[in-house]
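Shown next, in structure tokens, is the structure this report addresses.
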Amino acid sequence: MISGSLVFLIYFPVIFGFLGILLIASGIMDDKMEYTLGGIALFFGAGIVPFIILPPILGI
């Protein structure tokens, strides 16, 4: 079960954070507020989701 939690701890936040930064940059350059807000939400979600998902997985 610990190896399955590494996906949520390492891979998802990195992928979501990277995609969030790409959306923020794309939204700012193209003047599309939806992309910018989506990127901000995805970036913050990348930081918060592990703290929400991991405690039930690890049984804490």
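Gyration tensor analysis over the Cα atoms of region 11-60 returns equivalent ellipsoid semi-axes of 27, 9, 5 Å (largest first, whole Å).
When the helices of the chain are scored as -39500 (n - 2.57) per DSSP H run of n ≥ 4 and the total is divided over every residue, the value at 222 nm lands at -28000 deg cm²/dmol.
Couplings for region 37-42, taken from phi via the Karplus curve 6.51 cos²θ - 1.76 cosθ + 1.60 with θ = phi - 60°, read 5, x, x, 5, 5, 5 Hz in order; Gly and Pro are left as x.
Provide the gained length on full extension for the span K32 to I53, in nm with one decimal, where the gain is 0.36 nm per separating residue minus the Cα-Cα distance.
The span from K32 to I53 would gain 4.5 nm if fully extended.
Based on the Cβ-Cβ distance from A41 to I10, what FRET efficiency comes out when R0 is 30 Å, to the nearest 0.05? Here the calculated transfer efficiency is 0.90.
Values in this text are rule-based calculations from the coordinates and carry no lab data. The model shown is predicted, which means the values in this text are computed figures rather than measured ones. As a convention, Cβ positions derive from the backbone with ideal geometry for all residues, glycine included, and neighbour counts pool all protein chains shown.
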